[in-house]
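The values are calculated or read from the model by the stated rules, or taken from the named source; none is laboratory data. Predicted model, so just to flag it, every value in this text is computed and none were measured. Here the Cβ is made from the backbone with ideal geometry for all residues, glycine too, and neighbour counts use every protein chain on show.
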Amino acid sequence: MEFRIEAQLGAARAGRLITPHGEVETPVFMPVGTLASVKGVPQETLEELGTQILLANTYHLYLRPGAEQLRQLGGLHRFMAWKRPLLTDSGGFQVFSLSQLRKVSDQGVEFRSHLDGSSHFFTPEKSIDVQRALGADIIMAFDECTEYPADRERARHSLEMTARWAERSKRHFESKKSGTNNEKLETENSQTLFGIVQGGMYADLRQESAQRTVEIGFPGYAIGGLSVGEPRALTEEVLSAALPLLPADKPRYVMGVGTPEEIVNYALMGVDMMDCVLPTRAARHGLLYTSQGKVNIKNAIYAKDEGPLDPQCGCRVCARYSRAYLRHLYTSGELLAPSLNTIHNLAFYLDTMRSLRHSIKLGVSARAAQ
Ligand SMILES: [Zn+2]
């Protein structure tokens, strides 16, 4: 993988990630396809919307359909018929948030599946092996996501564990990559491993975590453990502390954020990649983001509203359907409702980032012309 910065405006960067499955213009928003699907939206529509890269969740895919099955089916790209870039998380966040934890030790995490209660053991090595089987272009080091609130001692402990796990993730990834195993898939050799910064909501611990992760050395860095219930001002404080310590020439990824305002704000702070379930999850609950603010489509005021959901939006939903119809679909529980709502919300997020990239580039050329 290669990362090129093409323009800068203040701290913000417009760049290009070059992956084995194509290029990704940054700053980028990555829709979440938890189980190898963005709920309710077919892959061809995601392409039409200009989705450049999708995120899939290792924990979920490991449990169902299973890593070995996915490997035999040729990896995630082939399985889900998605030819563009993919990123998988390490499974850490879901192991800690969804499963019933049995035991967390330095070695790894023993947990019970949220699906059937079966026992599993995840280690940094196991996470890398599963992510190799999935074959995403970008994969993540196994980390412990610190819950909020967490006291300093707890955040410090979590940071230490994440640093040791990052080293093990990298060592295992490198050893597999340089191995001479003939059964290795083509995609496995072209994967890129990112490290993750933790440290709870303590600016100094975040800085320490950033320094230590950079010392281990990765081609890209994520900041994890944000948007876990903390106030927004704190998210920003933690980001401001950690971002300057990450190498300027490497991609920076903030995991699990945010609202349209937040993703713009973080991109302006110098973040290159973000993902969040917010646009897709909110859409399924009838909450739609528009250029005129948030629309709750189940509201009775839209019952006779023949206008488009967002007059500024060029998506296929806004081009064709009225607010009255979208409200009717939602209140009738039609399957089309979550699908159309999700398509619009993703269009709004992707357009927001597209125009931001444009502004960053224009800002630079405007300054250069002066
Ligand atoms: Zn739209």
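The lone criterion from (1) polar (S, T, N, Q); (2) within 15 Å of the ligand (Cβ to nearest atom); (3) in the same structural domain as residue 86 (by TED's automatic domain parsing) left unmet by residue 341 is number (3).
In summary, residue 350 fulfils each of the numbered conditions (1) within 15 Å of the ligand (Cβ to nearest atom); (2) surrounded by fewer than 22 Cβ atoms within 10 Å (Cβ to Cβ); (3) over 20 Å from residue 30 (Cβ atoms) with the single exception of condition (3). When each of 257, 277, 264 is tested for being within 20 Å of residue 200 (Cα to Cα) and either more than 16 Å from the ligand (Cβ to nearest atom) or not assigned by TED's automatic domain parsing to the domain that holds residue 39 (or both), the lone residue that passes is 257. The condition (being under 23 Å from residue 219 (Cα atoms) and assigned by TED's automatic domain parsing to the domain that holds residue 137) is satisfied by just one residue among 68, 25: 25. Taking every residue in segment 318-347 that is free of Cβ contacts under 8 Å to residues at least 40 places away in the same chain and closer than 11 Å to residue 41 by Cβ and pairing it with any residue that is part of a helix (DSSP H, G or I) and within 9 Å of the ligand (Cβ to nearest atom), at least 6 positions away or on another chain, the pairs with Cβ-Cβ distances below 7 Å are 340/317.
Looking for whichever is outside any loop (DSSP other than H, G, I, E, B), charged (D, E, K, R), at negative phi and surrounded by 20 or more Cβ atoms within 10 Å (Cβ to Cβ) here; the options are 132, 102. Which one fits? Before the answer, list the steps.
Values: 102 fails: surrounded by 20 or more Cβ atoms within 10 Å (Cβ to Cβ).
Exactly one residue qualifies, and that residue is 132.
Tallying residues that are more than 18 Å from residue 25 (Cβ to Cβ), touching a strand residue (DSSP E or B) at 6+ places or on another chain (Cβ under 9 Å) and of a type in the set (A, V, I, L, M) within segment 71-86 yields 2. Restricting attention to segment 320-336, the residues being surrounded by 15 or more Cβ atoms within 10 Å (Cβ to Cβ), within 14 Å of the ligand (Cβ to nearest atom) and in a helix (DSSP H, G or I) number 3.
When 317, 295 are checked against the criterion of being in a strand (DSSP E or B) and either within 12 Å of the ligand (Cβ to nearest atom) or buried (at least 18 other Cβ atoms within 10 Å of the Cβ) (or both), 295 stands alone in meeting it. When residue 34 is tested against (1) outside any loop (DSSP other than H, G, I, E, B); (2) surrounded by fewer than 22 Cβ atoms within 10 Å (Cβ to Cβ); (3) of a type in the set (Val, Ile, Thr), only condition (1) is not met.
Kindly indicate whether residue 310 is among the acidic types (Asp, Glu), more than 13 Å from the ligand (Cβ to nearest atom) and farther than 21 Å from residue 44 by Cα. Break it down stepwise before answering.
Numbers: among the acidic types (Asp, Glu): yes; more than 13 Å from the ligand (Cβ to nearest atom): no; farther than 21 Å from residue 44 by Cα: yes.
No; evaluated as a whole, the condition is false for this residue.
Comparison of 199, 179, 195 shows that the only residue that is assigned to a loop (DSSP other than H, G, I, E, B), in the same structural domain as residue 20 (by TED's automatic domain parsing) and at pLDDT 90 or above is 199.
Taken over segment 106-144, the criterion of being farther than 21 Å from residue 164 by Cβ and of a type in the set (S, T, N, Q) is satisfied by 113, 118, 119.
Checking segment 349-359 against the condition returns no match, with no residue being out of contact with any strand residue (DSSP E or B) (no Cβ under 9 Å at 6 or more places or on another chain), without any contact (Cβ under 8 Å) to a residue 40 or more places away in the chain and assigned to a loop (DSSP other than H, G, I, E, B).
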